[in-house]
1. Working only within segment 90-130, note down all residues that are part of a loop (DSSP other than H, G, I, E, B), under 28 Å from residue 175 (Cβ atoms) and small (Gly, Ala, Ser).
2. One residue is enough: does segment 67-75 have a residue meeting the conditions within 25 Å of residue 326 (Cα to Cα), buried (at least 17 other Cβ atoms within 10 Å of the Cβ) and touching a residue at least 24 places away in the same chain (Cβ under 8 Å)?
3. What number of residues in segment 247-260 are of a type outside the set (A, V, I, L, M) and under 20 Å from residue 226 (Cβ atoms)?
4. Inspect all residues belonging to segment 188-201 and state whether any of them is part of a loop (DSSP other than H, G, I, E, B), free of Cβ contacts under 8 Å to residues at least 60 places away in the same chain, surrounded by fewer than 19 Cβ atoms within 10 Å (Cβ to Cβ) and not assigned by TED's automatic domain parsing to the domain that holds residue 29.
5. Would you check if residue 226 is modelled with pLDDT of 95 or more and either buried (at least 23 other Cβ atoms within 10 Å of the Cβ) or closer than 26 Å to residue 107 by Cα (or both)?
6. Looking only at segment 21-45, how many residues end up being touching a residue at least 24 places away in the same chain (Cβ under 8 Å) and either within 15 Å of residue 103 (Cβ to Cβ) or out of contact with any strand residue (DSSP E or B) (no Cβ under 6 Å at 6 or more places or on another chain) (or both)?
7. Say we look at segment 279-293 and pick out the residues that are outside any helix (DSSP H, G or I) and surrounded by fewer than 16 Cβ atoms within 10 Å (Cβ to Cβ); which of these is modelled with the lowest pLDDT?
8. Just wondering, is there one or more residues in segment 312-324 that are surrounded by 14 or more Cβ atoms within 10 Å (Cβ to Cβ), among the basic types (Lys, Arg), in a helix (DSSP H, G or I) and out of contact with any Leu (no Cβ under 9 Å at 6 or more places or on another chain)?
Amino acid sequence: MLSPATETELAECIADAAGPVRIIGGGTRPIGRPVAGEALSVAGLNGISLYEPGALTIVAGAGTPLAEIEAALAAENQRLPFEPMDHRALLGTDGEPTIGGVVAANVSGPRRIQAGACRDSLIGVRFVDGAGTMLKNGGRVMKNVTGYDLVKLLAGSYGTLGVLSEVAFKVLPDVEAQASVVLSGLGPHQAVEAMAMALSSPFEVSGAAHLPGAGRTVLRLEGFTASVAYRADRLVDTLKMFGAAEVQSDGEAVRAEWRAIRDVTGFADLPGDVWRISVKPSDGPEIAARAGAEVMFDWGGGLIWAQVDEGTDLRARLGAFAGHATLIRASADTRSRLAVFQPEAAGIAAVSHGLRKQFDPRGILNAGLMGGATE
């Protein structure tokens, strides 16, 4: 296994690579088609190099454990805005998620509807491309690449454009209190209508999920204690047409439920494959019905998690729809047989192909992981 300890060593490893390399962070997210090649671990590129709480900015090596980032932020009563999901329970993996892995997969949680995705908080990256060239873009820039917003390009590229060595984020203050307003017994259409009403209200809802298996529609409020209590009462009154709502104000219980929603732990012990479907929220109930599966809704109905029998081609079952479906949990055989990521339209596919040729001309970085990296 290649284990560089510095960015220079990382560049040398890639420049000298005789064939494909398989990039490893914490090893907690085996998403995508199985990748062949020599393993390259970024675990040695770790540590927080800059943290300025007053400027709400943190910079760290890509191999830094996410837990280390979150602990440093918590000590200053701050947090990552986008609430990154921990895939370990769902995927049955161990190890420690890294901040570089979070960026590479653009991992975001329930708070995305309010605070945006991982890429929206990312302000700078350093990385090595497939030719072994060290590049920088965004915050603390020393060398820019004209014409590309590499901060946005690298987030969600799954290591197919470059190997991250350092990332920089804007962070936010943490909150004093959390509460959930819970509606019971709603069907998917009613639940999506209630979540839409809550999200369009002035009460700053930071999470909106529907859990059909539990019969719960859960709406999260965060902020100062008095403000959360006031907004919860007002939200209950706003949603009274959907039945009596319960306010859950036990902070630890609220946090535990939203961690479970974030990490999709309800599907962790169920057999079969798990898909992640992104759609317009108003389309969510119909898409969920077409899936014919156990589902849960997040992002106000715009994100559907579906648990299906092993080997199911969910896209074929859904047919044409406005959105995309990603295979998150499945066997290596299924991930080799089915397109893990939503097939791209011809124009977008051409752009993706051009970007990969530009940044990885030899086609060696996580080759084939996204089902088109080597085409």
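The values are calculated or read from the model by the stated rules, or taken from the named source; none is laboratory data. Nothing here was measured: the structure is a model prediction, and the numbers come from that model. Positions of Cβ are generated from backbone atoms using ideal geometry, with glycine treated the same way; all protein chains shown enter the neighbour counts.
1. Let us first name the residues in segment 90-130 that are part of a loop (DSSP other than H, G, I, E, B), namely 92-97, 105-111, 116-117, 129-130.
Imposing the further condition that a residue be under 28 Å from residue 175 (Cβ atoms) reduces the set to 96-97, 105-111, 116-117.
Scanning segment 90-130 gives 105, 108, 109, 116, 117.
2. Residues of segment 67-75 that are within 25 Å of residue 326 (Cα to Cα), as a first pass: none.
No: segment 67-75 contains no residue that is within 25 Å of residue 326 (Cα to Cα), buried (at least 17 other Cβ atoms within 10 Å of the Cβ) and touching a residue at least 24 places away in the same chain (Cβ under 8 Å).
3. Keep residues of segment 247-260 that are of a type outside the set (A, V, I, L, M), which gives 248-252, 255, 257-259.
Okay, now just the ones that are also under 20 Å from residue 226 (Cβ atoms), so 248-252, 255.
Selection size over segment 247-260: 6.
4. Initial filter on segment 188-201 (part of a loop (DSSP other than H, G, I, E, B)): 200-201.
Within this subset, residues satisfying the condition of being free of Cβ contacts under 8 Å to residues at least 60 places away in the same chain are 200-201.
Narrowing further to those that are surrounded by fewer than 19 Cβ atoms within 10 Å (Cβ to Cβ): 200-201.
Those still in the list that are not assigned by TED's automatic domain parsing to the domain that holds residue 29 too: 200-201.
The answer is yes, given that some residue of segment 188-201 is part of a loop (DSSP other than H, G, I, E, B), free of Cβ contacts under 8 Å to residues at least 60 places away in the same chain, surrounded by fewer than 19 Cβ atoms within 10 Å (Cβ to Cβ) and not assigned by TED's automatic domain parsing to the domain that holds residue 29.
5. Working: modelled with pLDDT of 95 or more: yes; either buried (at least 23 other Cβ atoms within 10 Å of the Cβ) or closer than 26 Å to residue 107 by Cα (or both): no.
No; evaluated as a whole, the condition is false for this residue.
6. Of the residues in segment 21-45, the ones touching a residue at least 24 places away in the same chain (Cβ under 8 Å) are 21-23, 25-45.
From what is left, the residues that are either within 15 Å of residue 103 (Cβ to Cβ) or out of contact with any strand residue (DSSP E or B) (no Cβ under 6 Å at 6 or more places or on another chain) (or both) are 23, 25-34, 36, 42-45.
Looking only at that region, the number is 16.
7. Residues of segment 279-293 outside any helix (DSSP H, G or I): 279-280, 292-293.
Add one more test, that the residue is surrounded by fewer than 16 Cβ atoms within 10 Å (Cβ to Cβ), and what stays is 280, 292.
Values: 280: 97, 292: 94.
In this case the residue turns out to be 292.
8. Let us first name the residues in segment 312-324 that are surrounded by 14 or more Cβ atoms within 10 Å (Cβ to Cβ), namely 312-315, 317-318, 321, 323-324.
From what is left, the residues that are among the basic types (Lys, Arg) are 315, 317.
Going one step further and asking which of them are in a helix (DSSP H, G or I), we end up with 315, 317.
In the following step, the residues that additionally are out of contact with any Leu (no Cβ under 9 Å at 6 or more places or on another chain) were identified as 317.
Yes; the residues of segment 312-324 include at least one that is surrounded by 14 or more Cβ atoms within 10 Å (Cβ to Cβ), among the basic types (Lys, Arg), in a helix (DSSP H, G or I) and out of contact with any Leu (no Cβ under 9 Å at 6 or more places or on another chain).
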